[in-house]
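Novice: Right, I'll just put the structure down here and ask away after.
Bear in mind that the values in this text are calculations on the coordinates, not laboratory data. Keep in mind that this is a model prediction, so the values were computed, not measured. Quick reminder, even Gly has a Cβ in these numbers, built from the backbone with ideal geometry, and neighbours come from all protein chains shown.
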Amino acid sequence: MSASNPRQANFQLRTNMDWEEIRRRLRSEYGSGVQSEAEISGVLADVDKDLEDCDAEFRRLQSRIIALQNQRKRLEEYKISLRFLRSPIRRLPNEIILRIFDSACEMNELTSKKLQTMPALAISSICSRWRALAQSYPDLWSRIRLQLWTTPRHLPGLPILDIYLHFSKQSPLTLEIPSMGSEELQADHLEVCAKLVACSHRWKKFSTEKSIIYDTVMAQNPRNFPVLEQLLIPCIFFYKETTLNHFQHASNLKVLRLCYIKNWEDMQQRKFPWRQITELDVAQCEDVMKPIFEMCNLRELRFRQYYGESTVKLCSRPITAPSVQKLTLTLRQTSYPERERNRSI
């Protein structure tokens, strides 16, 4: 023990533990041969004091062990930090790191309870450098997926959406609202929809499979879609083609996915920018659509059988699509009478 600690240096037992003597006395002393009570009481008092001193010394040593364990833990952490200073990624320029971030960060599912589903937020929580880089790159924050029916009710308006819209700055937004949940929108859902409509001028891609969400958004009459490239609403049924006139000034719209349009306008009266569509995905094929299929910019065409249809409705006469380079058929019905096969292809 170190002499620098007085208690350590002076820790000595008062009791002389002579086991042979105590055993001899236990065998031989009885009756009138038992020595005085005072002698035994004095020895017991010394033993009790020695036990107290042992307990105190044990506590002191235990505290010292804990202190050494904590010190060792801090040394390990310090060692790890020193090794991080030699990490190759620290030598990479910011431009390369941002490209890695951009490649690694896909959609941010803001209504998830797991940080790993929000890569922009996860990256920004690593260190101050990564946080500064992430916050300086709006594209990371502009890819947003919302499961509206899982939004926390105790946080109305989804505050994390405000964070993402803030750091995305003026970067074009990719918005996905999958089809899940009930058929009714609550007040907090409407508030989220209002926030999305307020930045409709930044929509690059808008995707939803729920008609109630699409109708709620369009009811606020957004008209400005200068950077919109993809409108993916594969389950939305339109009673009139004119309903699509919300997007008549979407000058960059190239990809359209919808379900079905019941009543089509005359070609001369159409305002939707069909001529600029390069990729079309629909659940119908009718004669009235022939001018659309024949447009020179159409490169990819996909026909789907709507889930509510028991049979495929065929065109009365073949339709040509001279500029189409890729044709896809997605059918629930896989067998047809011989007389109907290939009649409209």
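Novice: In whole Hz, what ³J(HN,Hα) sequence does the range 286-302 give by Karplus (6.51, -1.76, 1.60; θ = phi - 60°), x for Gly and Pro?
Specialist: Taking θ as phi minus 60°, the curve returns 10, 4, 5, 8, 3, x, 6, 5, 8, 5, 6, 8, 6, 10, 10, 9, 10 Hz for the range 286-302.
Novice: Provide the per-residue ³J(HN,Hα) series for the range 165-176, in order, calculated from phi with Karplus coefficients 6.51, -1.76, 1.60 and θ = phi - 60°, each as a whole number of Hz, with x at glycine and proline positions.
Specialist: Running phi through 6.51 cos²θ - 1.76 cosθ + 1.60 with θ = phi - 60° gives 5, 5, 6, 6, 6, 9, 5, x, 9, 9, 10, 10 Hz.
Novice: Over the alpha-carbon set of the range 223-280, divide Rg by the Kirkwood Rh and report the Rg/Rh ratio to two decimals.
Specialist: 0.93
Novice: Right, another one. Nearest 500 deg cm²/dmol is fine: what mean residue ellipticity at 222 nm does the chain get from its DSSP H runs of n ≥ 4 alone, each adding -39,500 (n - 2.57), divided by its residue count?
Specialist: Dividing the helical sum by the residues of the chain leaves -11000 deg cm²/dmol.
Novice: Step through the table entries 204/326; 113/205; 204/254; 169/204, compare each Cα-Cα distance with 20 Å, and write down the pairs that go over it.
Specialist: Long pairs (Cα-Cα over 20 Å): 204/326; 113/205.
Novice: Still on this structure: Mind pulling the angle between the C-alpha long axis of helix 94-104 and the longest principal axis of the chain? Nearest 10 degrees, somewhere in 0 to 90.
Specialist: 70
Novice: So for the range 179-247, Kirkwood radius off the Cα pairs, Stokes-Einstein at 37 °C and 0.692 mPa s: how many µm² s⁻¹?
Specialist: Translational D for this selection: 258 µm²/s.
Novice: Which is the longest part of the chain that has none of the trypsin sites (Lys or Arg not before Pro) sitting in a DSSP loop with at most 14 other Cβ atoms within 10 Å?
Specialist: 15-85
Novice: Near residue 302, within a Cβ-to-Cβ distance under 9 Å, what is the net charge of the other residues, with Lys and Arg +1 and Asp and Glu -1?
Specialist: For residues surrounding residue 302, the net value is 0.
Novice: Taking the Cα centre of the chain as the origin and placing charges on Cβ (Lys, Arg +1; Asp, Glu -1), which of 42, 203, 134 is farthest toward the positive end of the dipole?
Specialist: The residue sitting farthest along the positive end of the dipole is 203.
Novice: In Å, what is the Rg of the alpha-carbon atoms in the chain, and how long is Dmax?
Specialist: Cα only, the chain: 38.9, 132 Å (Rg, Dmax).
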